[in-house]
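What follows is a set of notes on a single structure, which appears directly below.
Each reported figure results from applying straightforward, stated rules to the coordinates on display, with no laboratory input. Worth saying up front: this structure is predicted, and the values here are computed from it rather than measured. Here the Cβ positions follow ideal geometry from the backbone for every residue, glycine too, while neighbour counts run over all protein chains shown.
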Amino acid sequence: MKPKDSSLYQKFLERILFFEFKPGELLNEKSLAEEFKVSRTPVREALNRLQWEGLVRIIPRSGSIVTDIEFQKILHVFQIRLEHAAIIGRLATENVSDKHLKQMARIEKECLDLFENHTPKELMKIDFHFCDVLYAATGNPILGDISRQLYNLTIRLWYTRLKNKNTWKDEVQLMADEIKSTIDALKSGDAEKAASVRQHWLRENIERMKRQF
């Protein structure tokens, strides 16, 4: 069975975020079509979407290039994400369900289970899952789509930091703490508290990245 276009997009996206497609790498439509056993049309459509999202740059008659990690651009994206974080916190407080809270609690446990196991890809997938549940809790799918796009533009920088074994336990604990404090804020029913908590953790991430890069 041929992969659906959205499935193909997701596969390309993960390869970019996990550095299987490296920054600056040229992606060949023909080679990708052969690998995934599809025509070049769905490959081109997936790459066009990634270009629109800022992760690929298409050069006419040459191919598609994975965009570089530009620190200043990422800081600009974080400025927007900070405002989104507050909105997400407020809306999630108003619309969160017991199901969402239980899902977040399970994700927190999965996170702590990685404490002694240095697997950056798995920790990133846990963060993806947490964000998906949090966005779903807002009850606003448009906000979720925009937030995911912004998130994808910044996450590669974090992945480079996760490869450092010396700071691994700190990264796992910080994520677990973020999930726990978010759950507590949502349970409180205080929308402004939840907004503040979400912005706090994003600022923490920004400051750690600034110190590293």
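Values for this structure:
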| item | result |
| --- | --- |
| Hydrodynamic radius of the chain per Kirkwood, over alpha carbon pairs, in Å | 18.3 |
| Span-rule helices in the chain, defined as complete DSSP H runs reaching 20 Å or more along the axis (Cα) with Kyte mean at least 0.0 | 71-95, 120-138, 141-162 |
| Gaussian network model of the chain, springs between alpha carbon atoms under 10 Å - residue of 121, 73, 22 with greatest fluctuation | 73 |
| Residues 61, 156, 198, 49 arranged by fewest to most Cβ contacts within 10 Å | 61, 49, 156, 198 |
| Highest-fluctuation residue, 162, 123, 26 considered, GNM on the chain with Cα pairs under 10 Å | 26 |
| Average Cα contact separation per residue, the chain, under 8 Å, 6 or more apart, as relative contact order % | 25 |
| For the stretch 88-213, fraction of C-alpha pairs farther apart than 23 Å, in % | 28 |
| Lysine-lysine proximity count for the stretch 1-82, Cα under 18 Å, sequence distance 8 or more or distinct chains | 9 |
| Most fluctuating residue given options 15, 90, 148, as computed from a GNM of the chain linking Cα atoms under 10 Å | 15 |
| Sequence of 25, 192 once ranked by neighbouring C-beta atoms within 10 Å, starting from the fewest | 192, 25 |
| Candidate lysines - alpha carbon under 27 Å from residue 102, same-chain residues fewer than 8 apart omitted | 121, 125, 169, 180, 187, 193 |
| Those GluC sites (Glu not before Pro) in the stretch 113-185 that DSSP places in a loop and that have at most 10 other beta carbons within 10 Å | 116 |
| Proximal charge balance of residue 170 [Cβ under 13 Å; K/R count +1, D/E count -1] | +1 |
| 5 angstrom amide H check on residue 58, placed H, neighbours 5+ away | 65 |
